[in-house]
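Let me begin by presenting the structure, written as structure tokens, before commenting on it.
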Amino acid sequence: MLMARNALLEVNLAATPAAVAADWRALAERALVPAGLNGPELLLPQLECARAARLATVSAAGELLLAMPLVGRRPGLLGSLITPLRPSGLAHVDGEMAAAALEALLAASGRPMLLRGIPAEGPFWAALTAAAGRLAVLSRWQRAALRPSGDFEGWYQRNIDGKRRKEYRRLRARLAGEGPVTLHELAPGGNLQPFMAELLTLEAAGWKGRRGTAIACDPSLAAVFTAACEGLHCAGKLRFWSLRCGARTIASLYAVKEGDTLWLGKIAYDEEFARFSPGVLLILDVTARIFAEPAIRLADSCAIPGHPMIDHIWRDRIAMADIMMASPAIGAMRFAVLATIERLRRGVRGALRDALYRLAGRRRS
């Protein structure tokens with residue numbers, strides 16, 4: 001156990017996940033911001049399989065104030081755990097002690113820390129900037145989101161132009177010619193298994209399966225996905241939808257709801273029905289369901305920047321960033337050099353990746 005500069009705060013850089021599970025869930029209920037896809041229900045199964053990851057915690061008088069999975073990125077650097085099921089380094093931090101807990105973690109780690117995919121605005125960002133003696137923004141972007149206001153029909157008329165509305169009506173009518181089109185939604189306490197199986201099957205049968213990046217291509221990841229969904233379902237945080245044509249599921253999507261926020265997870269569709277754009281039709285139906293839940297004030301797409309589908313449907317945006325941060329004990333010159341190296345590394349890696357994708361005719365997932 002490492003003691004932070006503030007003797008009242010205890011920092012553990014390698015906490016046992018199972019030992020703090022109950023306290024982590026309690027922390028999630030009073031967190032500064034809801035962390036959604038970074039909740040304990042999702043991360044506990046991932047930490048069991050990610051051997052290189054460690055759970056960092058900060059506590060005071062036996063009460064958990066921070067829980068953040070970390071990995072050793074490169075010599076001298078720590079970073080947030082990023083997986084196919086966790087696209088963001090957002091952590092659960094106590095609503096009243098967020099800045100102090102983050103500052104204690106940085107001081108105890110003794111190394112700069114990389115956080116990927118975090119909101120570049122709002123309470124968590126404010127706590128980070130207050131806690132970090134050194135902070136460098138490595139990249140910024142905008143992510144598609146939905147802030148429901150009014151009713152779905154009004155939103156649909158305002159946000160989707162007439163040409164697109166006509167095209168969506170045409171697609172749905174053509175699809176209906178193949179069989180009755182219905183949206184199926186996982187009910188509270190309902191049977192989760194068919195929904196999970198449908199999503200895994202659809203994803204594995206498509207281009208992600210051919211690339212080997214589908215969840216089902218990695219048995220350990222599939223087991224983590226199953227355990228996480230079961231935990232979220234028991235906690236009442238899981239949403240799952242499937243679009244069916246007749247008896248056949250042609251698109252599937254899940255999401256996590258925590259507090260007043262909803263995060264979209266994986267989406268998959270049947271490529272034999274690609275001409276009907278089933279993913280688009282499912283997103284529109286799910287958007288209507290989001291409007292039917294007044295408690296939801298923000299829906300985060302969790303999509304990559306410039307996503308070719310969701311960006312044209314959800315027009316609100318969330319400012320996002322990747323950052324490097326450190327305590328003041330890390331020299332300013334050393335920190336600046338490390339941040340510059342990281343930016344250069346990212347630039348070279350991104351250029352190589354994009355070139356390879358163009359040559360192979362592939363797309364980012």
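The values are calculated or read from the model by the stated rules, or taken from the named source; none is laboratory data. Keep in mind that this is a model prediction, so the values were computed, not measured. We place every Cβ from the backbone using ideal geometry, glycine too, and count neighbours over all the protein chains shown. These accessible areas exclude ligands, DNA and RNA; they are computed on the full protein's heavy atoms, side chains included. Shrake-Rupley method; radii C 1.70, N 1.55, O 1.52, S 1.80 Å.
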(request) Assess whether L8 counts as being closer than 15 Å to G236 by Cα and at pLDDT below 90. (result) no
(message) Can you pull out every residue in the stretch 50-80 that is farther than 16 Å from A18 by Cβ and of a type in the set (A, V, I, L, M)?
(response) A52, V58, A60, A61, L65, L66, M68, L70, V71, L77, L78
(request) For A197, work out the one condition from (1) touching a strand residue (DSSP E or B) at 6+ places or on another chain (Cβ under 9 Å); (2) at pLDDT 95 or above it doesn't fulfil. (result) (1)
(message) Based on this model, can you work out whether A101 counts as open to solvent by less than 30 Å² (accessible area, probe 1.4 Å) and assigned to a helix (DSSP H, G or I)?
(response) yes
(request) Could you figure out which of (1) out of contact with any strand residue (DSSP E or B) (no Cβ under 9 Å at 6 or more places or on another chain); (2) modelled with pLDDT of 95 or more; (3) aliphatic (A, V, I, L, M) isn't true of L344? (result) (2)
(message) Report every pair of residues separated by at least 6 positions or lying on different chains whose Cβ atoms are under 7 Å apart, first residue within the stretch 219-231 and at negative phi, second surrounded by fewer than 16 Cβ atoms within 10 Å (Cβ to Cβ) and at pLDDT below 95.
(response) S220/C49; V224/C49
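Could you tell me which of the residues S252, S220 is open to solvent by 10 Å² or more (accessible area, probe 1.4 Å) and either of a type in the set (G, A, S) or assigned to a helix (DSSP H, G or I) (or both)?
When all the criteria are applied, what remains is S220.
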(request) Filter the stretch 181-217 for residues that are part of a strand (DSSP E or B) and either among the polar types (S, T, N, Q) or in contact with a His (Cβ under 9 Å, 6 or more places away or on another chain) (or both) and give the result. (result) T182
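Being at positive phi and surrounded by 17 or more Cβ atoms within 10 Å (Cβ to Cβ), is that true of even one residue in the stretch 78-93?
Checked against the condition, which is being at positive phi and surrounded by 17 or more Cβ atoms within 10 Å (Cβ to Cβ), the stretch 78-93 yields no hits at all.
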(request) Output the number of the condition that S277 fails; it satisfies all remaining conditions of (1) closer than 20 Å to N159 by Cβ; (2) under 17 Å from the mean Cα position of the chain (by Cα); (3) polar (S, T, N, Q). (result) (2)
(message) If the requirement is being under 20 Å from I290 (Cα atoms), among the polar types (S, T, N, Q) and modelled with pLDDT of 95 or more, which of these qualifies: T226, T182?
(response) T182
(request) Tell me which residues, restricted to the stretch 186-205, are surrounded by 16 or more Cβ atoms within 10 Å (Cβ to Cβ) and under 22 Å from the mean Cα position of the chain (by Cα). (result) L186, L192, F195, M196, E198, L199, L200, T201, L202, E203, A204
(message) Here is a list: R317, R345, R289, R349. Which entry is part of a strand (DSSP E or B) and surrounded by fewer than 20 Cβ atoms within 10 Å (Cβ to Cβ)?
(response) R317
(request) Note down all Cβ pairs under 6 Å where the first residue falls in the stretch 106-135 and is farther than 8 Å from M325 by Cα, the second is open to solvent by 30 Å² or more (accessible area, probe 1.4 Å) and of a type in the set (D, E), and they're at least six residues apart or on different chains. (result) A131/E103
(request) Hey, can you tell me all the residues within the stretch 252-274 that are of a type outside the set (V, I, T) and more than 18 Å from S242 (Cα to Cα)? (result) E258, G259, D260
(request) Just need a number here: residues in the stretch 46-63 that are in contact (Cβ under 8 Å) with a residue 40 or more places away in the chain, part of a strand (DSSP E or B) and not acidic (D, E). (result) 7
(message) Here is a list: L66, L43. Which entry is in a helix (DSSP H, G or I), over 23 Å from R297 (Cα atoms) and open to solvent by less than 20 Å² (accessible area, probe 1.4 Å)?
(response) L43
(message) Looking only at the stretch 144-180, filter to residues that are within 23 Å of T261 (Cβ to Cβ) and in a helix (DSSP H, G or I); which one of those is most open to solvent (accessible area, probe 1.4 Å)?
(response) R158
(message) Against the condition at pLDDT 95 or above and within 21 Å of A14 (Cα to Cα), how does L66 come out, does it pass?
(response) yes
(message) Here are the criteria: (1) in contact with a helix residue (DSSP H, G or I) (Cβ under 6 Å, 6 or more places away or on another chain); (2) exposed (fewer than 14 other Cβ atoms within 10 Å of the Cβ). Tell me which single one L183 does not satisfy.
(response) (2)
